[in-house]
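Only the coordinates and a few stated rules stand behind these numbers; no lab work does. Quick caveat, the model's predicted, so the values are computed rather than measured. Ideal geometry is used to build each Cβ from the backbone, glycine not excepted, and the neighbour counts take in all protein chains shown.
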Amino acid sequence: MMNVSVQDEMRKVYTNTLLSLAEEDENIVVLDADLMVANGTKAFYQRFPQRAFDVGAAEANMVGIASGLSATGKIPFAGTFACFASRRVFDQFYLSANYAQLNVKLIGTDPGVTATSNGGTHMAFEDLALMRTIPEITIVEPADNVSLRSLLPQVAREKGCAYIRIDRKSSPVIYDESEGFQLGKAKVLRDGTDCTIIAAGIVLVPEAVKAAEILKSRGISAAVLDMHTISPLDEGAVLEYAEKTGFVLTCENHQVNGGLGSAVAEVLGEKRPTPMKRIGASGLFGQVGSLEYLKEAYGMTAEKIASACLEGLERKA
């Protein structure tokens, strides 16, 4: 199932999927905050100029406009860099869209280390923590283009606000084109009996699979779950694999606090206490660097994941 090659830029797949949805549903509209080219939505503007809005570098205003459009029956997809989609517009998104029970789909691009050369100011390591505090929100982080193409139409059809976390550029090929996905249901990439690795997104899911291979070479059977939907979390899968393997490791391109790791820890703490560890940016700010450098700097590598599992297995014993 895992292929280390790369495919089309994720922003291109995002826009092409929206174009297909817009052909079928005239209520689909797109908004940008001066990032039409950077986020790849120019093709949507060219095809549907009356259904696309570039509001300039005014992200909070973009969310307000998206909320107004939603109130008239439109299905707005409003996109900007994840740092702006979370830190900068949180109050507007919380009140104007979510509290008002509207139907705004907010897209945060280049989360965490995928911001690379844009550096620490643009490196959103806290967006999931913010979004998880919003009641009834759907939070999705696809691991590749196949999962993005499958999950985006489901988000469009589901009434309510959503936050979708994606990279802009090329992504690894993880799934066959025929693979299907369901919002709120984790994807089991590998089964296992000794430990469970729960990961999300294009950075950590491939590393988790590689880590499982490293562990296999040492005689350790590691299950790998792609938790593409962070809210609502697939609690059933978390509990099933915690019971099955006795140790859980979470991996995310985010602070270890408040995101996927915290969501899993909350479930286990309340329903099935289980030894666990968390991989992610541990109390650190962002910095400039290549993706490979940043993955190493923040411990988001297969080797670090495998080492964390080995440490966890000692605790389990």
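Would you mind putting 16-25, 243-252, 194-203, 174-183 in packing order, based on average other-beta-carbon counts within 10 Å, highest first?
Numbers: 16-25: 16.3, 243-252: 23.6, 194-203: 28.8, 174-183: 14.7.
Per-residue Cβ counts within 10 Å, averaged per peptide and sorted highest first, yield 194-203, 243-252, 16-25, 174-183.
In debye, nearest 20: dipole of the stretch 187-316 around its Cα centre with unit charges on the Cβ of K, R (+) and D, E (-)?
Numbers: 14 positive and 17 negative charges, 41 e Å.
It comes to approximately 200 debye.
Using a cut-off of 22 Å between Cα atoms, the listed pairs Lys216/Lys304; Lys12/Lys187; Lys277/Lys304; Lys271/Lys304; Lys187/Lys316; Lys185/Lys244 include Lys12/Lys187; Lys271/Lys304; Lys187/Lys316 as exceeding that distance. Summarising the amide proton neighbourhood of Ile197: residues at separation of 5 or more, or on other chains, whose placed amide H is nearer than 5 Å comprise Ala223, Val224, Leu225, Leu249. Dipole magnitude for the stretch 7-173: about 60 debye, using +1 per Lys or Arg Cβ and -1 per Asp or Glu Cβ, origin at the Cα centre.
Each part reduced to its alpha carbon centroid, the stretch 240-317 and the stretch 38-93 end up 32 Å apart. When only Cα pairs below 8 angstrom with a gap of at least 6 residues are kept, the chain shows a relative contact order of 18 percent. To the nearest ten degrees, helix 201-217 and the longest principal axis of the Cα atoms of the chain are 20 degrees apart.
Does the stretch 101-203 come out rounded, prolate or oblate, given a ≥ b ≥ c as the square roots of the eigenvalues of its C-alpha gyration tensor, rounded meaning a/c under 1.5 and, failing that, prolate meaning a/b above b/c? Walk me through the intermediate numbers first.
Values: a/c = 1.45, a/b = 1.10, b/c = 1.32.
Since a/c stays below 1.5, the shape of the stretch 101-203 is classed as rounded.
Suppose only helical runs count, i.e. DSSP H with n ≥ 4. What mean residue ellipticity at 222 nm does that imply for the chain under -39500 (n - 2.57) per run, divided by all residues and rounded to the nearest 500 deg cm²/dmol? Present the calculation step by step, with values, prior to reporting the outcome.
Values: 10 runs with 114 residues, N = 317.
When only DSSP H runs of four or more count, the value is -11000 deg cm²/dmol.
Over the stretch 53-187, what relative contact order in percent results from Cα pairs under 8 Å that are six or more residues apart? Show your work: numbers first, answer last.
Working: 222 pairs, mean separation 32.7, N = 135.
Normalised by residue count, the contact order of the stretch 53-187 is 24 percent.
Once Cα extents along the principal axes in Å is calculated for the structure shown, the corresponding label among (1) 60, 46, 35; (2) 61, 38, 37; (3) 57, 40, 33 turns out to be (2).
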